[in-house]
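J.: Let me begin by handing over the structure; questions about it come next.
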Amino acid sequence: MSLSIGDSLPPLTLASDAGHIELESYYGKKLVIYFYPKDNTPGCTIEGQEFTALHDQFRAAGAEIIGISRDSVKSHEHFIRKFSFTFPLLSDPDETACKAFGVIKEKSLYGRKFFGVNRSTFLFDENGILRKAWHSVKARGHASEVLQAVRQL
């Protein structure tokens with residue numbers, strides 16, 4: 001299953017270092033949800049740093065940012081602290097959100113096949129309606145592209 005443009009924000013609650021966060025609590029604001037493979041890896045670090053560098057501009061455009069991976073809350077706490085991220089990272093160890101958004105894909109590394117998170121971003125409007133989705137994104141420069149889309153909403 002995966003989300004399509006025009007679909008509603010799934011009613012999910014996920015754990016973060018600040019407790020449990022209901023995605024629906026973001027209604028009334030634009031919401032950027034980005035899924036990434038793993039804390040403390042090069043691409044995921046770049047992506048988080050770029051979203052952090054632009055976070056004030058996202059907020060000025062009326063948007064909030066959430067990152068989601070299968071890593072634990074404890075792993076997220078260290079990742080946030082190490083790189084001074086300014087938005088929540090939500091833990092999805094059972095892949096409930098990953099499956100709802102359709103971001104689990106078969107990957108291959110050194111000839112070994114496995115299922116992992118396909119780096120993807122979703123932009124919801126103030127009413128929780130999906131307006132834009134990016135799949136298989138490159139980390140570098142992606143946050144700027146998303147900010148531009150937020151400003152056009």
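J.: All but one of (1) in contact with a Phe, Trp or Tyr (Cβ under 8 Å, 6 or more places away or on another chain); (2) more than 19 Å from residue 139 (Cβ to Cβ) hold for residue 51; state the number of the condition that does not hold.
T.: Going through (1) in contact with a Phe, Trp or Tyr (Cβ under 8 Å, 6 or more places away or on another chain); (2) more than 19 Å from residue 139 (Cβ to Cβ) one by one, residue 51 breaks only (2).
J.: Taking residue 3 as the residue in question, decide whether it is of a type outside the set (Asp, Glu), open to solvent by less than 30 Å² (accessible area, probe 1.4 Å) and in a strand (DSSP E or B).
T.: no
J.: Out of the range 57-111, which residues are without any contact (Cβ under 8 Å) to a residue 12 or more places away in the chain and either closer than 22 Å to residue 123 by Cβ or of a type outside the set (A, V, I, L, M) (or both)? Please lay out each step first, then the result.
T.: Step one: filter the range 57-111 for residues without any contact (Cβ under 8 Å) to a residue 12 or more places away in the chain, giving 59-60, 74, 81, 94, 106-111.
If the condition is that a residue be without any contact (Cβ under 8 Å) to a residue 12 or more places away in the chain and either closer than 22 Å to residue 123 by Cβ or of a type outside the set (A, V, I, L, M) (or both), then 59, 60, 74, 81, 94, 106, 107, 108, 110, 111 are the ones that fit.
J.: Please indicate, with yes or no, whether at least one residue in the range 44-54 is open to solvent by 10 Å² or more (accessible area, probe 1.4 Å), farther than 22 Å from residue 117 by Cβ and in a strand (DSSP E or B).
T.: No: the range 44-54 contains no residue that is open to solvent by 10 Å² or more (accessible area, probe 1.4 Å), farther than 22 Å from residue 117 by Cβ and in a strand (DSSP E or B).
J.: Got a sec? Which of 125, 39 is charged (D, E, K, R) and touching a Lys or Arg at 6+ places or on another chain (Cβ under 6 Å)? So that I can check it myself, show each step before the final result.
T.: On the way: 39 fails: touching a Lys or Arg at 6+ places or on another chain (Cβ under 6 Å).
Step by step, each of 125, 39 is checked, and only 125 is charged (D, E, K, R) and touching a Lys or Arg at 6+ places or on another chain (Cβ under 6 Å).
J.: Can you work out which of the residues in the range 27-43 that are at pLDDT 95 or above and outside any loop (DSSP other than H, G, I, E, B) is nearest to residue 142 (Cα to Cα)?
T.: The extreme case among them is 34.
J.: Identify all residues within the range 37-54 that are under 22 Å from residue 26 (Cα atoms), of a type in the set (A, V, I, L, M, F, W, C) and under 15 Å from the mean Cα position of the chain (by Cα); write none if there are none.
T.: Passing the criteria: 51, 54.
J.: Within the range 6-43, track down each residue that is open to solvent by less than 40 Å² (accessible area, probe 1.4 Å) and among the basic types (Lys, Arg).
T.: Listed by number, the list holds a single entry, 30.
J.: Can I ask one more? Only strands (runs of 3 or more DSSP E) wholly contained in the range 55-139 count here; list those with 3 or more residues that are within 21 Å of residue 31 (Cβ to Cβ) and open to solvent by 20 Å² or more (accessible area, probe 1.4 Å). Quick ask: steps written out before the conclusion?
T.: On the way: elements: 63-69, 89-91, 104-109, 112-117, 120-124, 130-135.
Where strands (runs of 3 or more DSSP E) fall fully within the range 55-139 and carry at least 3 residues being within 21 Å of residue 31 (Cβ to Cβ) and open to solvent by 20 Å² or more (accessible area, probe 1.4 Å), they are 130-135.
J.: A follow-up question, please. Looking at the range 6-26, which of its residues are on the phi > 0 side of the Ramachandran plot and not in a strand (DSSP E or B)? I'd like the intermediate steps shown before the answer.
T.: So in the range 6-26, the residues on the phi > 0 side of the Ramachandran plot come out as 6, 19.
Answer for the range 6-26, where residues must be on the phi > 0 side of the Ramachandran plot and not in a strand (DSSP E or B): just 6.
The values are calculated or read from the model by the stated rules, or taken from the named source; none is laboratory data. Remember, predicted model here, so these are calculated numbers, not experimental data. Neighbour counts are summed over all protein chains in view; Cβ atoms, including those assigned to glycine, are modelled from backbone coordinates with ideal geometry. Side chains included, ligands, DNA and RNA excluded: accessible areas come from the protein's heavy atoms. Shrake-Rupley method; radii C 1.70, N 1.55, O 1.52, S 1.80 Å.
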